[in-house]
Amino acid sequence: MATNQQRREAAKRKLERQLVRRAERAKRRKIIGVGVTVGAVVVIAGVVVFFATRSGEDAAAAPTNTPEPPPVQIPTQRAEEPKRPEAVANPTTCEYPAKPDEPAAKPVNTPPAGPTPATGTVNVTIKSTAGDIPMTLNRALAPCTVNNFISLAQQGFYTDTECHRLGTEGLQMLQCGDPQGTGSGGPGYSFNDEVFPELKYGRGLLAMANAGPNTNGSQFFMVYGDAQLEPNYTVFGSISDAGLQVLDKVARDGVDPAAAAGSQDGTGKPKTPVKFTAVTVDA
């Protein structure tokens, strides 16, 4: 039978073992706690880095906000068709000399030369991919120019050609009439200007493009807005209200940015293509 001394020593050893076990458990809990804390810190840091990197990628991938160009301002008031201070002779003699150094961009015959009527009007409709553009040609303003336009239209010279130059600021017009679509093509001949000092340009007028005095050919421009020009471009008719609506829509769609970038005056190929599918002349 154990004595009191033996019982006390046994209890003491038991207590020591309990204390050792408690210390070991406390040590393990401390190690586990540190590991959990470190793991949590690593996870949080990883999440922060992930979202920071993700945000940077999104910002880099996001397109730059390019400011939209201001809307095209188009006047609504039509310009009055000019009148000659003195009527030209009726009939008028027209000539269309060939330009051997500038062959025709498309096969075509020279308009009939000689006496040409200098009174009356002719209705023409340009049918295009953007819509119909009815016009009225005025022989009293420019008989040789009207004669030329009718000849080219009836021969199909303008059919399947595309307008190559749109201006939306300063000079608001659409230029057409070059089968090459570059602004350098023509019919292989030329004819003289039919201008006078009182000429002014504006919304609704139709005029010839040129490369200098007396170099008219096939290219022309339709004015839908402002056009502060010197009186060096033959005006030979007017555009109907329906035709102006078509031009207004093309103008509001603007110039092709790629074409405008290489232009010195901001003009260029219209964003909305205007291709002539036919040009009809009312007899």
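Being within 18 Å of Pro143 (Cα to Cα) and of a type outside the set (Gly, Ala, Ser) is not true of Pro179.
Inside region 192-216, can you point out the residues that are over 25 Å from the mean Cα position of the chain (by Cα) and surrounded by fewer than 16 Cβ atoms within 10 Å (Cβ to Cβ)? Hits for region 192-216 are Pro197, Glu198, Lys200, Gly212, Pro213, Asn214.
For region 193-216, which positions are in contact (Cβ under 8 Å) with a residue 60 or more places away in the chain and not in a loop (DSSP other than H, G, I, E, B)? Of everything in region 193-216, those that are in contact (Cβ under 8 Å) with a residue 60 or more places away in the chain and not in a loop (DSSP other than H, G, I, E, B) turn out to be Leu205, Leu206, Met208, Asn216.
Please go through region 217-250 and pick out each residue that is touching a Ser or Thr at 6+ places or on another chain (Cβ under 6 Å) and of a type in the set (S, T, N, Q). Before the answer, list the steps.
Here is the first cut: in region 217-250, the ones touching a Ser or Thr at 6+ places or on another chain (Cβ under 6 Å) are 217, 234, 236-238, 250.
Answer for region 217-250, where residues must be touching a Ser or Thr at 6+ places or on another chain (Cβ under 6 Å) and of a type in the set (S, T, N, Q): Thr234, Ser238.
Thr168 fulfils the conditions (1) surrounded by 24 or more Cβ atoms within 10 Å (Cβ to Cβ); (2) within 15 Å of Tyr233 (Cβ to Cβ) except for a single criterion, (2). For Gly181, the criteria (1) touching a His at 6+ places or on another chain (Cβ under 8 Å); (2) buried (at least 22 other Cβ atoms within 10 Å of the Cβ) hold in every case but one, which is (2). Taking the conditions exactly as written (out of contact with any Pro (no Cβ under 9 Å at 6 or more places or on another chain), among the polar types (S, T, N, Q) and over 19 Å from Tyr233 (Cα atoms)), does Thr121 satisfy them or not? Spelling it out, Thr121 is indeed out of contact with any Pro (no Cβ under 9 Å at 6 or more places or on another chain), among the polar types (S, T, N, Q) and over 19 Å from Tyr233 (Cα atoms).
Go through the residues of region 150-164 one by one and say whether even a single one is surrounded by 24 or more Cβ atoms within 10 Å (Cβ to Cβ) and under 14 Å from Tyr224 (Cα atoms). Taking every residue of region 150-164 in turn, none turns out to be surrounded by 24 or more Cβ atoms within 10 Å (Cβ to Cβ) and under 14 Å from Tyr224 (Cα atoms). The set of residues in region 217-254 being part of a helix (DSSP H, G or I), surrounded by fewer than 19 Cβ atoms within 10 Å (Cβ to Cβ) and in contact with a strand residue (DSSP E or B) (Cβ under 8 Å, 6 or more places away or on another chain) consists of Ala242, Gln245, Asp248, Lys249, Asp253.
A short reminder: the numbers here are calculations on the coordinates, not readings from a lab. As the structure is a computational prediction, the values presented were derived from the model and not from experiment. We place every Cβ from the backbone using ideal geometry, glycine too, and count neighbours over all the protein chains shown.
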